[in-house]
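Data block below; observations after.
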There are 2 protein chains.
Amino acid sequence: PEKLKAKVVEFAWKIIKLGQDDPRRVIHSLKVGLALTLVSIFYYYQPLYDNFGVSAMWAVMTVVVVFEFSVGATLSKGVNRGLATLVAGALGVGAHHLASLSGEIGEPILLGFFVFLQAAASTFIRFFPKVKARYDYGLLIFILTFALVSVSGFRDDKILEVAQKRLSTIIIGGSACVIISILVCPVWAGQDLHNLIAVNLQKLGHFLEGFGNEYFTSEDGDSKDAKSSMQEYKTVLNSKNSEESLANFAKWEPGHGRFQFRHPWNHYLKVGNLTRQCAYQIDALNGYLNTQIQTSPEIRNKIQEVCTEMSMESGKALKELAMAIKTTTQPSSADSHLENSKSATKNLKSLLKSGIWDDSTDLLAVVPVATVASLLIEIVNCTEKISESVY
Amino acid sequence: PEKLKAKVVEFAWKIIKLGQDDPRRVIHSLKVGLALTLVSIFYYYQPLYDNFGVSAMWAVMTVVVVFEFSVGATLSKGVNRGLATLVAGALGVGAHHLASLSGEIGEPILLGFFVFLQAAASTFIRFFPKVKARYDYGLLIFILTFALVSVSGFRDDKILEVAQKRLSTIIIGGSACVIISILVCPVWAGQDLHNLIAVNLQKLGHFLEGFGNEYFTSEDGDSKDAKSSMQEYKTVLNSKNSEESLANFAKWEPGHGRFQFRHPWNHYLKVGNLTRQCAYQIDALNGYLNTQIQTSPEIRNKIQEVCTEMSMESGKALKELAMAIKTTTQPSSADSHLENSKSATKNLKSLLKSGIWDDSTDLLAVVPVATVASLLIEIVNCTEKISESVY
């Protein structure tokens, strides 16, 4: 019983943590409950039930399946579902009519053939990557509705009436979702994408700002904390999928806040890709924070200042860019930080050229430091590209 | 009209290409058509229709929604749907009974409250990452069924009978999907994961085998072809999501071919993670194939042989490991290749230590070469880790 109690408490904490991490989750759950309760009025309220009858079921189903976390996802599913039902319903009625012309024995055979053909073709089309990204759900509903309408027409003569009632309840359910998701504390996929890109840049900036100190000075007390917070950049490495799905949803959203409809969302994906490329370089750099290969301290000391500056300044530039994205203003000092890091790069290069090391230096001890320097040069280049792409 | 014709031809080619890239897509489409046609017999065949009536609709719906590309995904959705319907149906009937005790006015209010509470709670639970990965669909169906059963109980007195018919048709539809997906040319997510891991290793190996020549020898005729085929490693960088979802599906699959039920699929994820880490290093290395920084040819020449060997041998080791994974045999010569690359690393290190360069050497020109050497050392380390993890 003690163990059970501990587990319950642990579970409760997990729930609270999940809610605290993103309070919009709690609100979203309440919104879904609200929408579902609203649509079930179709059952409770007599005049409405007289009108729609069991078709009210489709409103409930639509709400459960269509209501997603962000406005864009909800709109995308709602529009997909509505349009697909409309088109497939019309085609299904047509197929039913065509089949009914061919007599009692021919009808089920012809209907079965239609259903097979349509299902196979639509399933295949779902494999197109572009279709999968934007219309996957629509095609699913298309297959479903066509099969239901054409096949149940075999049994039900009032097929048109059924199809029409179903469509209207689906539209009602879908609209309820869209309206509630827009009016009650909306979660915009576009805004999330915007923030994600900015936060990712910031994480890289944070790593770079800390890197110089971590690498060149020996460990002290708070080093572990700093190190673990620097590791946050790792999430950037695998952010491609979430960025792409957010961009897909954002394209469905109407204008909101600072974003207009047809905001250049694809541009965010470009910045995201460059950010990720920079993150790969940083990951390679991160390897040198932990490796045990000895480097001679004298060599380190000689380039310490300039390398720290390169990393610090490019980190600051990235943070500035992140802030500029977040507030959609012109970055005030990113350019000057970038210039600083570029001139530090030049200094490093001339330092290397001038042959600062005496001849007896062990080259093996130079290699790690040289690599760090070289990766930093690449990162400064990357930062410049990102800065160009942000404008 | 000419333009239209060209577009139609282009579209047709795209379709053919999509099918040729993976012929299993065509087969999958036909399987979906087959399953759907089979379940629609519930409408056509009189004795079956007498038994199930319009509930046959749920069999059709189940087939459309549950049938996925791989056996694992189909099973996961089918089991999720079946269990969720069972549990939510039972709870829904219970909620209906409880509410009906509270009189005519209280009933809809209490029912609405139940629906709200259940929808909000289940929606929130869906945010748990672990739940989302494996039971997301089940919870969706849970919300749906609970709402439908408890609410439609308000209108329909034969609620138990309806729930039972619905459950049995859903089970029939789900079983049809599972049986067809297993019996007709099955697509195993486990096998796909297995292949993906092997192919990813192979791509890295291919890059490393080519790298030495690309970097150290100047361009010649077929260099462009080789370069573009080497870039295939880039897909490895973003393979995390597909690996994880394949592993999730694979866990649902029964034993098949060389894999038993409860095959250690998580182990593949570990190998996959190491592979990706290696890929990040390779991406940093790839940057040096294209940069324009001059390096003195004399320095290059001095370490050319040993670096080429490091990259070539670690590439061969990776390819051997990939082959060993693919055929689930012990890798025959991966160890010896790994040993070769490690001794090449040692040679490189002693070469660097011995001070091979004369004092007048420009250190700036050394840096890129040193970086390449250092990255190669890291990659050899990575390869060793991968090789350990494969056993």
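Computed from the coordinates by the stated procedures, all read-outs in this text should not be read as laboratory data. Model, not experiment: these values are computed from the prediction. Reconstructed Cβ throughout: ideal geometry from the backbone, glycine too, with neighbour counts over all protein chains shown.
A compact table of results
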{"item": "Relative packing of peptides B:159-166, A:227-234 - highest average C-beta neighbours within 10 Å first", "result": "B:159-166, A:227-234"}
{"item": "Among B:Gly212, B:Gln330, A:Ser350 - extreme Cα towards positive end, dipole of the protein assembly as shown, charges at beta-carbon", "result": "B:Gln330"}
{"item": "Farthest toward positive dipole pole in segment A:84-230 [+1 Lys/Arg, -1 Asp/Glu at C-beta], among A:His96, A:Gly173, A:Ala121", "result": "A:His96"}
{"item": "Cross-link table A:Lys77/A:Lys251; A:Lys240/B:Lys14; B:Lys240/B:Lys385; A:Lys270/A:Lys319, entries beyond 20 Å C-alpha to C-alpha", "result": "A:Lys240/B:Lys14"}
{"item": "Chain B - Cys residues lacking any other Cys C-beta under 4.7 Å", "result": "B:Cys177, B:Cys185, B:Cys307"}
{"item": "Dipole magnitude of segment A:149-202 about its Cα centre (Cβ charges: Lys, Arg +1; Asp, Glu -1), debye to nearest 20", "result": "120"}
{"item": "In Hz, Karplus ³J(HN,Hα) per residue of segment A:62-68 (6.51, -1.76, 1.60; θ = phi - 60°; x = Gly, Pro)", "result": "4, 4, 4, 7, 8, 5, 10"}
{"item": "Number of partner chain Cβ atoms within 10 Å, mean per residue of B:368-377", "result": "6"}
{"item": "Unit charges at the beta carbon, dipole of segment B:1-92: most positive-side option, B:Leu38, B:Asn80, B:Ile15", "result": "B:Ile15"}
{"item": "Residue-count net charge about B:His337 - beta-carbon cut-off 10 Å; Lys, Arg +1, Asp, Glu -1", "result": "-1"}
{"item": "Karplus 3J(HN,Hα) series, Hz, for segment B:89-101 with 6.51 cos²θ - 1.76 cosθ + 1.60 (x for Gly, Pro)", "result": "x, 4, 4, x, 4, x, 4, 4, 4, 4, 5, 5, 6"}
{"item": "Dipole magnitude of chain B, debye to nearest 20 (Cβ charges: Lys/Arg +1, Asp/Glu -1, about Cα centre)", "result": "1060"}
{"item": "12 Å beta-carbon shell around A:Lys77, net charge (K/R +1, D/E -1)", "result": "0"}
{"item": "Candidates B:Ile179, B:Ile105, B:Ile325: whichever shows maximal mean-square fluctuation once chain B is modelled as a Gaussian network with Cα springs under 10 Å", "result": "B:Ile105"}
{"item": "Proxy reagent accessibility, fewest Cβ within 10 Å first, across A:Lys349, B:Lys31", "result": "A:Lys349, B:Lys31"}
{"item": "Peptide ranges B:47-57, B:305-315, A:236-246, A:369-379 listed from the most packed, as the mean C-beta count within 10 angstrom indicates", "result": "A:369-379, B:305-315, A:236-246, B:47-57"}
{"item": "Gap separating the Cα centres of segment B:1-71 and segment A:124-167, nearest whole Å", "result": "11"}
{"item": "Derived scalar couplings ³J(HN,Hα) [segment B:27-44; Karplus, 6.51 cos²θ - 1.76 cosθ + 1.60; whole Hz; x for Gly, Pro]", "result": "4, 4, 4, 5, 5, 4, x, 4, 4, 5, 5, 4, 5, 6, 4, 4, 7, 6"}
{"item": "Check: the protein assembly as shown dipole with +1 on Lys, Arg Cβ and -1 on Asp, Glu Cβ, in debye", "result": "2060"}
{"item": "Mean Cα-pair separation over length for chain B, i.e. relative contact order, pairs under 8 Å, 6 or more apart, %", "result": "18"}
{"item": "Radius 15 Å from Cβ of B:Glu305, net charge of other residues (Lys, Arg +1; Asp, Glu -1)", "result": "+1"}
